[in-house]
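Presented below is the structure to which this report refers.
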Amino acid sequence: MSTAIDIKNLSYSYGNGPVLKDISFSIQKGDFFIIIGPNGSGKTTLLKTISGIIKPQRGQLEILGQSIRSYTRKVLAKTIAFVPQMVQVDFPFTVSELVLMGRSPYLGLLGLEREKDIKIAEHAMAFTGVEHLARRRLDQLSGGERQRVFIARAICQDSEIILLDEPTASLDLAHQVRVMDLMERLKKEKSVTVIMVSHDVNLAAMYGDRLLLINKGKIVSMGRPDEVLTFQALEEAYGCMLLVDESPIGKFPRITLVPQKFSNSSPFKN
Ligand code: ADP
């Protein structure tokens, strides 16, 4: 396997002290890679750094074997697609207009889409199951539909790497699974490297090939879900009582929150 992302001694500060502190790790091509960690630990900052939205003050970042500094904006956009955290959208675009925007790095000077671009957009909408919404405006969609439209735009970008910032936050259970299954299909059928920030440690356990746990801007651990999602590491990072056992549906950890009122019951004394 070759390397999709290689990060060495990366640090970043918004101005009030470091948010990412001397971080080094790499992500293999074709992996479903999930970044987890408590609020404010630097997950979004790390994802924005990989996407090129923000530039680290220190360290190196290579994408597909080349320094991010050597990429033009257009080539970077053909290499990495970014699905931002779900925001309230009030711009007056239709679904097909937004998805077609994924083709902008491929358009000529006049910015006119060709037949091929429209076909790719239609394929992306079919892949995420939003083709029936093509003419609807974005502000007339449910949260789950909107999330799939933004994923369709990223697929339309036809990049080798896709980054997603908490794509399942605020979705109901069925939509969470649907988004995660979509990403797994993208990885398997199109060999895309999927890099996701997630709040949900159980989804991360079920879908991630590799997980990165960060806390206070530093790496706590990286590896398979069973290596990263240990009781000690989670309790230390999140500072709450948890139970870690094996999921009834497969060989990966299941994490159960233990509310204070149950924390003295003997089975939960880890
Ligand atoms: P996470 O995604 O893990 O919740 P973030 O990367 O969003 O963490 O934030 C890490 C830290 O950086 C937090 O303390 C946050 O307040 C701070 N931070 C994030 N964005 C900005 C910004 N634009 N300006 C200043 N500080 C920021």
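The values are calculated or read from the model by the stated rules, or taken from the named source; none is laboratory data. Just so it is clear, the model here is predicted, and its values are computed rather than measured. A quick note on method: Cβ atoms are made from the backbone with ideal geometry, for glycine too, and the neighbour counts reach across all protein chains shown. For accessibility, only protein heavy atoms count, side chains too; no ligands or nucleic acids. Shrake-Rupley method; radii C 1.70, N 1.55, O 1.52, S 1.80 Å.
Quick rundown of the values:
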| quantity | calculated |
| --- | --- |
| Residue check for VAL194: over 19 Å from PRO38 (Cβ atoms), among the β-branched types (Val, Ile, Thr) and crowded, with 18+ Cβ neighbours inside 10 Å | yes |
| Residue ID - nearest to SER13 (Cα to Cα), chosen from residues in region 39-60 that are open to solvent by 40 Å² or more (accessible area, probe 1.4 Å) and part of a loop (DSSP other than H, G, I, E, B) | GLN57 |
| Verdict on ILE35 being over 16 Å from the mean Cα position of the chain (by Cα), within 21 Å of LEU213 (Cα to Cα) and modelled with pLDDT of 90 or more | no |
| Residue list for region 148-164, restricted to those being surrounded by 20 or more Cβ atoms within 10 Å (Cβ to Cβ) and in contact with a Ser or Thr (Cβ under 8 Å, 6 or more places away or on another chain) | ARG148, VAL149, ILE151, ALA152, ILE155, SER159, ILE161, ILE162, LEU163 |
| Within region 25-38, considering residues that are in contact with a Lys or Arg (Cβ under 8 Å, 6 or more places away or on another chain) and more than 14 Å from the ligand (Cβ to nearest atom), the one most open to solvent (accessible area, probe 1.4 Å) | GLN28 |
| Breaking point among (1) over 30 Å from CYS240 (Cα atoms); (2) modelled with pLDDT of 95 or more; (3) touching a strand residue (DSSP E or B) at 6+ places or on another chain (Cβ under 8 Å), for ALA205 | (1) |
| So THR256, is it open to solvent by less than 50 Å² (accessible area, probe 1.4 Å) and of a type in the set (Val, Ile, Thr) | no |
| Region 1-24 - residue that is on the phi > 0 side of the Ramachandran plot and within 16 Å of the ligand (Cβ to nearest atom) and, of those, least open to solvent (accessible area, probe 1.4 Å) | GLY17 |
| One residue from VAL89, VAL99, VAL75 being more than 16 Å from the ligand (Cβ to nearest atom), within 23 Å of the chain's Cα centre (by Cα), aliphatic (A, V, I, L, M) and in a loop (DSSP other than H, G, I, E, B) | VAL89 |
